[in-house]
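Novice: Provided herewith is a single structure, encoded as structure tokens, for subsequent inquiry.
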Amino acid sequence: MMGKRALFGTLFFYEIKKILKNRFTIVLLIVMTVYSFMQGVFQAEQMGDYADRTRELKMAIDGREIDDSLLAELYDAADEYGVFWNEINCTYEALCDWVRKIVDYGRPIADYDADAIYQIRQDTIYEGMELCALTDGERQYWEEQEAKVSKPLVWHSFEEMYGLFDIVQATPLIMLFVITLLLSQIFAGEVKDKTDPLLRCTRGGWGVTYVAKISAAVVSIFLLTVLFGGISVATSLALWGNNGWDAMVQNLMPLTSTPMTMGGFFGRQVLVAFAACLFLTVATCFLSECLNNPVVVMGAVFGGFLLILAGARQIPMVIRPLSQFLYLLSPIDMASPNVLYEFRLVGFGGHYLTALQFAPILYLVISVVAVVVGYFIYLRRNKV
């Protein structure tokens, strides 16, 4: 038993070394490190000096309830349609955008008092539920969630969160390139280089080899994801700060009924991104095993990713099972703040999970199934 464990450890670290010490990986690692740092700097400075000069002004209304009193101040400071802003009236700029998201752009903002705005918000949420063709149980679930959202809503400045959300949303796409470039030949390379017969000499056999390869792939991509995301997020926090973590997501996405803070959403977003990277890792390894050609594997992974993304956005919601499944499978959509507007739920025995809650579970289940199926395919294909 100790011999097999030692063998697994040897193979595991050998595969890690193959992945991480490859010349291409080293170059990619340098590029990723520089890009991660630049990504954080870019997110922190995308608004230029204007953001720094106006930050304190915008914080002047932080923590106030969005009621008629605050709206009256906004209407006094803004033009008719809330379009023109400068360092004199910028205190209310983000709040004005929040109002325009609800009442619609191109309408005179002063025509609406607090009661009208909250009523339009509620009506728009109901319209969104109608478009999603929700069941009675799903409607009841969202009514219960909406009741947990305290009103009037409290305004908080949250510009600092934009950069963090963008970084995490971009992570699955960036890692898609990394994963396919590094792992497309993890199995296919054996066949391509005609080294696969050598594995028959191992004492543990094909099973230990397969588990070692998959484990090495998952650990390597996890470390690279932490490197990419960690440097980007740390740089953004260091340069821009973390104001807005305690703000409710309704400040950013006013038409959602999800009772969650922006910090809570960021945590869920990170979980989805890591689960998506696990899913992409296992999918690439599985296809590498089945297709035995690195170039074909890369094409299949990229093609599948784009087909899922297109299907999630183009298939009508009336075809609910397919459109919802593809939407859940799309890492770009699941890691986007727009997922907060997804009202379709996944129900089990009267209990419901939102897309944000269910997506990591779905990615994990598919990954486990693919690993198990791939294990038996690998053993059968390489049976002596």
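Novice: Across the chain, where is the longest run that never hits GluC sites (Glu not before Pro) in a DSSP loop with at most 15 other C-beta atoms within 10 Å?
Specialist: 88-384
Novice: Within the chain, which complete DSSP H helices have Cα atoms spanning at least 20 Å along the helix axis and a mean Kyte-Doolittle hydropathy of -1.0 or higher?
Specialist: Qualifying helices: 2-20, 23-45, 114-131, 159-183, 205-240, 262-291, 294-314, 355-381.
Novice: Treat each spin label as a single point 7 Å out from the Cα along the C-beta direction, and report the LEU20 to VAL373 distance in nm.
Specialist: Going by the 7 Å Cα→Cβ label model, 3.1 nm.
Novice: Further question on the same structure: Excluding ligands, DNA and RNA, what is the solvent-accessible area per residue of region 63-155 at a probe of 1.4 Å, expressed in Å²?
Specialist: In whole numbers, region 63-155 has 52 Å² accessible per residue.
Novice: Over region 254-384, what is the mean sequence separation of C-alpha contacts under 8 Å (at least six apart), divided by residue count, expressed as relative contact order in percent?
Specialist: 31 percent
Novice: Roughly how many Å is it from the Cα centre of region 246-291 to that of region 154-175, as a whole number?
Specialist: Result: 12 Å between the Cα centres.
Novice: What's the carbon and sulfur percent of the chain's accessible surface, probe 1.4 angstrom, rounded to a whole number?
Specialist: About 64 percent, which is the carbon plus sulfur part of the accessible surface.
Novice: Starting from the Cα of ASP68, step 7 Å along the direction of its Cβ; do the same at ARG380; then give the gap between the two resulting points in nm.
Specialist: 7.2 nm
Novice: With every protein chain left in place, what is the accessible area per residue of region 295-384 in square angstrom, probe 1.4 Å?
Specialist: With all protein chains present, region 295-384 gives 51 Å² per residue.
Novice: For LEU364 and THR135, what does the FRET efficiency come to when R0 = 22 Å and r is the distance between their Cβ atoms, rounded to the nearest 0.05?
Specialist: The computed FRET efficiency comes out at 0.30.
Novice: R0 = 41 Å: FRET efficiency of ASP115 with ARG313, Cβ-based, nearest 0.05?
Specialist: For R0 = 41 Å, the calculated efficiency reads 0.70.
The values are calculated or read from the model by the stated rules, or taken from the named source; none is laboratory data. All values derive from a computational prediction rather than experimental measurement. Because the Cβ atoms are built from the backbone with ideal geometry, glycine has one as well, and the counts that use them run over all protein chains shown. Just so you know, the surface numbers come from the protein's heavy atoms only, side chains and all, with ligands and any DNA or RNA stripped out. Shrake-Rupley method; radii C 1.70, N 1.55, O 1.52, S 1.80 Å.
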